[in-house]
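Participant: Mind looking over this structure? Questions follow.
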Amino acid sequence: MKKKSTPGAGKQTPSRIKKTVQFVLNSVEKRLFSERFVLYDKTPYDEIFREGIMSVRHYPALMQPSCRVGDKEFEVSATRHRMPLVLVPPLAATAIIFDLLPQRSVARFFLAHGFDVYLIDWGDVKAADRDISLETYVIEWMPAALKRIREHSAEAELSIFAYCMGGLLSLMYTAVWQDQNVRNIITVASPVDMHQGGVAGWLLSAIHGPARKISNTLNISILDIPARYFHVPGWISSLAFKMVDPVGNLVSRVDLLLNMWDREYVKERYTMSRWFNDMTDFPGATIKEMAVHMMINNRMSKGMLRIGGKEASFKKIQCSILAFAGDDDTIVSIQAARKILDIVSSQDKTFRIVPGGHAGLFAGSTAPENAWAISAAWLAERSA
């Protein structure tokens, strides 16, 4: 794809009086009409399927000749790749993270690179959805979603680009169903080995033995406890995410205050903040299954995991794999993300470390030239 030059006169800095007036106007408008400052979900799409709160989106091809990504303008590719690309979000974070800003949109980026883009939206989980389990996602929803995508695209083979827990769900689906038509899987910051995660990983590893002894001695299991006791409201997920980097969160708030006069800056920062402020609930049934099977027993890293009445054998996965980790990710360690290479039988597998923390490597300012660009080039070779 050829890069088009962008004419470059910088913005003229307004006077102090103009800044003060604009600061007041933006502050009042943001308080009264906050939605005017939201830029996410601007790429047009059609909802082609719905089952419960889960839905599937299809993003039609871009009609404009060029597409802006970051500070650069790219020509929209005239070449259309045959194989559809399915975007799979994590849990807790909403699907908007794939279309955060017009100039920093995963969906728009892949459309510009000639891919037929679909997205599985897990929906807005509420307290009433506490019984949604791994079985719901892997045994029920993903097969139904991929079936509809295949019907809509008239293509059996497809690729998956997934972030964090979305990557784990995609691997589970492929391992359970042995879907040979999933040709390529890209995981971004997906923690396959949860005992390799800094202090949290060390604690999980340390309690593994004692937890099994207590369970065997008393004949009790976390899985026997009702899901309502594990259900995590969205505000707790938001708080936990912010507490990982409290200084960075504070600096971001101060920066927003200092630049409140700059309307475009406020729009971008406010939109990005919605990712962390508007997280959905994490289903209680899924949390307790993850706690036992993936966190304490670390089953996924050992290559086997039971989901409902089915067994996920990750050694049966043979598709091409590209996995990413962030060099500054304090949530998913490099070792945790790299473990995917050990549990699959794929001959074509690649691991890349890119700049950024847990959110930054996926949707930060350097993501388009790193994880996105690497993924687009890698997929282009495997999507004929």
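Throughout, read-outs are computed from the coordinates displayed, never taken from laboratory work. Owing to the predicted nature of the structure, the values given are computational and were not obtained by experimental measurement. Methodologically, a virtual Cβ is constructed for each residue, glycine included, from the backbone with ideal geometry; neighbour enumeration extends over all protein chains shown.
Participant: Which Cα, out of GLN180, ALA78, ALA156, lies furthest along the positive dipole direction of the chain (beta carbon charges, K/R +1, D/E -1)?
Facilitator: ALA78
Participant: Still on this structure, I have one more. Near ASP99, within a Cβ-to-Cβ distance under 10 Å, what is the net charge of the other residues, with Lys and Arg +1 and Asp and Glu -1?
Facilitator: With Lys, Arg at +1 and Asp, Glu at -1, the neighbours total +3.
Participant: Note down the net charge around ALA144, summing +1 for each Lys or Arg and -1 for each Asp or Glu among other residues with Cβ under 12 Å from its Cβ.
Facilitator: Net of charged neighbours comes to +1.
Participant: With an 8 Å Cα cut-off and a minimum separation of 6 or more residues, compute the relative contact order for region 326-371 in percent.
Facilitator: 43 percent
Participant: Of LEU32, LEU85, LEU62, which has the largest mean-square fluctuation in a 10 Å C-alpha GNM of the chain?
Facilitator: So, out of LEU32, LEU85, LEU62, the one fluctuating most is LEU32.
Participant: Starting from the exponent 0.38 and prefactor 2.2 Å, build the expected Rg for the chain from its residue count and divide its actual Cα Rg by it.
Facilitator: Here the Cα radius of gyration is 1.02 times the empirical estimate.
Participant: Which Cα, out of ALA373, SER252, ALA384, lies furthest along the positive dipole direction of region 233-384 (beta carbon charges, K/R +1, D/E -1)?
Facilitator: ALA384
Participant: Counting DSSP beta bridges with both partners in the chain, what percentage is antiparallel, nearest 5?
Facilitator: Percent antiparallel among DSSP bridges in the chain is about 50.
Participant: Further question on the same structure: How much of the DSSP beta bridge set in region 1-155 is antiparallel, as a percent to the nearest 5?
Facilitator: Antiparallel bridges make up about 85 percent of those DSSP assigns within region 1-155.
Participant: Going through the cross-link list LYS315/LYS349; LYS18/LYS242; LYS42/LYS72; LYS310/LYS349, which pairs have a Cα-Cα distance over 22 Å in this structure?
Facilitator: Pairs exceeding the cut-off: LYS18/LYS242; LYS310/LYS349.
Participant: Relative contact order for region 241-382 using alpha-carbon pairs under 8 Å, separation at least 6, rounded to a whole percent?
Facilitator: 16 percent
Participant: Let me ask another. Let's test the formula: R0 of 25 Å, r as the Cβ-Cβ distance of LEU258 and ILE236. What FRET efficiency results, to the nearest 0.05?
Facilitator: Approximately 0.25, to the nearest 0.05.
Participant: Sticking with the crude label model, points 7 Å out along Cα→Cβ, report the distance from LYS302 to ALA380 in nm, one decimal please.
Facilitator: Each label point lies 7 Å from its Cα, and together they span 4.3 nm.
Participant: Gain in length, THR20 to SER313, computed as 0.36 nm per residue apart minus the alpha-carbon separation, to one decimal in nm?
Facilitator: 99.4 nm
Participant: Using the Kirkwood radius built from alpha carbon pairs, what does the Stokes-Einstein equation give as D for region 253-384 at 20 °C and 1.002 mPa s, in µm² per second?
Facilitator: Estimated diffusion coefficient is 121 µm²/s.
Participant: Given the -39500 (n - 2.57) contribution per DSSP H run of 4+ residues, what per-residue ellipticity at 222 nm results for the chain, rounded to the nearest 500 deg cm²/dmol?
Facilitator: Mean residue ellipticity at 222 nm (helix-derived): -10500 deg cm²/dmol.
Participant: Out of all DSSP beta bridges with both ends in region 69-203, state the antiparallel percent to the nearest 5.
Facilitator: 15 percent
Participant: Quick one: which residues, 5+ away or cross-chain, put their amide H under 5 Å from the amide H of LYS349? H built at 1.01 Å from N.
Facilitator: It is ILE321, by chain and number.
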